[in-house]
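Working notes for the structure below.
The values are calculated or read from the model by the stated rules, or taken from the named source; none is laboratory data. Note that the structure is predicted; figures quoted are calculated from it, not measured. Methodologically, a virtual Cβ is constructed for each residue, glycine included, from the backbone with ideal geometry; neighbour enumeration extends over all protein chains shown.
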Amino acid sequence: MKCLRFAQFFLFLCPLALFGWLLWQELVPTGVFVMEKTVQKDSPFIDDLLPDQRVEAPEKTETGEWIQWLIGDPVFFFVHPHRFFDRIQAEVWFINEGQPIVELGGFASLASGAYDLFSLQNLFLDKSDWYRLEEKGMILLSRDKPIDSFESFYQNLPERNTIATYHAQIEEPYRLASSIPSQTPQTIEVSLRGYHAIKTYVKDEDLSMTFSFMDMNREEGDDPVHILVFNEQEQAVAEARFPDDGNVSAEAIPSGLQTLSLFASDLPEGVYKVELNVDRDIIFRSLTTTQQKIVFLNNLYLADEVGYQESPRPVTVWTSAQHFAFQTRHIEGVQEVVIGSEIVDVEEPYTRYSSEIFQKELSQMTSPVGDLEIESDGYFAFSPSQYFSPDPIKLTTQTDLDALGIKYLLATYTPPVQEGEWIKATVMFDTSKLVFEEGSWKFAFSLPDIEGEKARVGIGKIRLTLFRDPFTWKDFFSALKSYVSF
């Protein structure tokens, strides 16, 4: 009889315990949830590394531990939490065989495709024999002489063109003493497709820009235009919006030419960033502005002229970039691009063509037919007089510090630690900056020029610790009520 009662009691407790465990997992009352992924095992929360052509099959190391080698850039994985969290601490155990920069990023923008990147390892910073100063996650390297403190560095700031940065900003803002306000508008006649980022300078004047654009309706969905202006503190200070044209089909019937004006007055002197947050269905046809200095950051997408005018227009820009990648999506975009005295032959669609040019002065670049995607490590202007360089050189795998005359390097960087045969790096993400789509976050290992470096990076384990505010009793009973009602 006692055994029967015990069995009945046990059967009663089992579903209750299971319900309690499931509720605990769902609510995460402590506010902390840990998930792990080892390369040889599946995880309910963290997907395998992709794409297959950039990763090798998992294998065992000489010590019997599992490792998966990354051989291409970038490499992605998706994270599927069972509820939303505010912060993510990512710990990665890896082995680095010759890759100068290893970074992990969270997907942060649908419009630009940008990632919120953090450094896992930077071999130049780790191995540099320059004079070194470290403080609260910041590193300052000096080529020629030691520096007493960060404070003294900023009090006697060297010339900006002698400073390179890595995930860091110079505290003292850039100022252009020669800037003179103008009321004379200038128009840039060029077709640019999709997201672009611009920097301009404002001093004793309004910020005024007028964009003409078309919705090409080549892809399904809404295509609103949202232009945002950010100050030097990365705060939004102005915006302009234009709704979709009402055609959400992919019938490739373009809208008429539309205009959108962006205006902001009483702005303090300084550098302002303008983001054109649109998808690839939007093609800007011209920009009219009274700003004298205006540069496009890193990437240009020169659009085709289909539906706008009969013949393509050549496009000429001036750039500070030294490393370029070109691609066209159409046979009509096959062309010879001229950069200074160099010629890059874009021979066929959907093929990436790279080029390097080393000079301190601006280079003139001409695309004879447009219809070209350009990636670079510099800025572009549509006339030499519009060009300015408000930001210091950014350290990449291809930065030649000697040729550029760099004497100082300022970095936000915490070196990884050695754990046996593994290197362990820890970084923290703010999920408010990441895209959360269909219940998932997307992350990527960024391994710049890994093939050119003939390097590889081996991943052993990824551990994500997710944080949110702990549940209160009020939250608990509210959730329990909704759970029971369901």
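From the set of residues in the stretch 184-205 that are out of contact with any Asp or Glu (no Cβ under 8 Å at 6 or more places or on another chain) and surrounded by fewer than 16 Cβ atoms within 10 Å (Cβ to Cβ), which is farthest from D266 (Cα to Cα)?
My answer is E189.
Pairs only if they're at least six apart or on different chains, beta carbon under 8 angstrom, first in the stretch 332-357 and free of Cβ contacts under 8 Å to residues at least 24 places away in the same chain and in the same structural domain as Q322 (by TED's automatic domain parsing), second assigned to a helix (DSSP H, G or I) and surrounded by 13 or more Cβ atoms within 10 Å (Cβ to Cβ); list them, first residue then second.
Partner pairs satisfying both residue conditions: P349/G333.
Among the residues of the stretch 311-338, which ones are more than 26 Å from the chain's Cα centre (by Cα) and closer than 28 Å to M209 by Cβ?
Those that are more than 26 Å from the chain's Cα centre (by Cα) and closer than 28 Å to M209 by Cβ: S311, P312, R313, P314, V315, T316, G333, V337.
Just name the residue that is modelled with the highest pLDDT out of those in the stretch 133-183 that are touching a Gly at 6+ places or on another chain (Cβ under 9 Å) and under 14 Å from I406 (Cα atoms).
T162
Give the number of residues within the stretch 355-381 that are of a type outside the set (S, T, Y), surrounded by fewer than 21 Cβ atoms within 10 Å (Cβ to Cβ), modelled with pLDDT of 95 or more and within 29 Å of T290 (Cβ to Cβ).
At the first step, the residues of the stretch 355-381 found to be of a type outside the set (S, T, Y) are 356-362, 364-365, 368-375, 377-378, 380-381.
Okay, now just the ones that are also surrounded by fewer than 21 Cβ atoms within 10 Å (Cβ to Cβ), so 356-362, 364, 368, 373, 375, 377-378, 381.
Narrowing further to those that are modelled with pLDDT of 95 or more: 364, 368, 373, 375, 381.
If we keep only those that are within 29 Å of T290 (Cβ to Cβ) as well, we get 364, 381.
Count: 2.
Tell me which residues, restricted to the stretch 302-314, are surrounded by 21 or more Cβ atoms within 10 Å (Cβ to Cβ) and either assigned to a strand (DSSP E or B) or out of contact with any strand residue (DSSP E or B) (no Cβ under 8 Å at 6 or more places or on another chain) (or both). Walk me through it before giving the result.
Of the stretch 302-314, the ones surrounded by 21 or more Cβ atoms within 10 Å (Cβ to Cβ) are 302-303, 312.
Listed by number, the residues that qualify are L302, P312.
Could you run through the stretch 132-164 and say how many residues are basic (K, R) and either surrounded by 16 or more Cβ atoms within 10 Å (Cβ to Cβ) or under 20 Å from R175 (Cα atoms) (or both)?
2
Among the residues of the stretch 35-73, write down those that are loosely packed, with under 11 Cβ neighbours inside 10 Å and in contact (Cβ under 8 Å) with a residue 40 or more places away in the chain.
Correct list: T63 only.
Exactly one condition in (1) more than 20 Å from F467 (Cβ to Cβ); (2) modelled with pLDDT of 95 or more; (3) surrounded by 14 or more Cβ atoms within 10 Å (Cβ to Cβ) is not met by D129; state its number.
If we test D129 against (1) more than 20 Å from F467 (Cβ to Cβ); (2) modelled with pLDDT of 95 or more; (3) surrounded by 14 or more Cβ atoms within 10 Å (Cβ to Cβ), just (3) comes out false.
If the Cβ limit is 7 Å and pairs must be 6+ apart or interchain, which residue in the stretch 239-252 that is under 15 Å from R280 (Cβ atoms) pairs with which residue that is charged (D, E, K, R) and exposed (fewer than 13 other Cβ atoms within 10 Å of the Cβ)?
V248/E220; A250/E220
Return the residue satisfying two criteria in turn: it lies in the stretch 393-419 and is over 24 Å from the mean Cα position of the chain (by Cα) and in contact (Cβ under 8 Å) with a residue 60 or more places away in the chain, and of such residues it is farthest from S152 (Cα to Cα). Even if it seems obvious, please write down each step before you answer.
Of the residues in the stretch 393-419, the ones over 24 Å from the mean Cα position of the chain (by Cα) are 402-408, 417-419.
With the extra rule that they be in contact (Cβ under 8 Å) with a residue 60 or more places away in the chain, the set shrinks to 404-408, 419.
Numbers: L404: 24, G405: 21, I406: 19, K407: 16, Y408: 14, E419: 36 Å.
Per the stated criteria, the residue is E419.
For the stretch 182-214, name all the residues that are under 24 Å from the mean Cα position of the chain (by Cα) and either closer than 22 Å to R280 by Cα or in a loop (DSSP other than H, G, I, E, B) (or both). Working first, answer last.
Of the residues in the stretch 182-214, the ones under 24 Å from the mean Cα position of the chain (by Cα) are 191-201.
Across the stretch 182-214, the qualifying residues are S191, L192, R193, G194, Y195, H196, A197, I198, K199.
Among the residues of the stretch 350-385, how many are over 24 Å from the mean Cα position of the chain (by Cα) and among the polar types (S, T, N, Q)?
Selection size over the stretch 350-385: 7.
Within the stretch 27-59, how many residues are assigned to a loop (DSSP other than H, G, I, E, B), under 26 Å from the mean Cα position of the chain (by Cα) and within 26 Å of F471 (Cβ to Cβ)?
1
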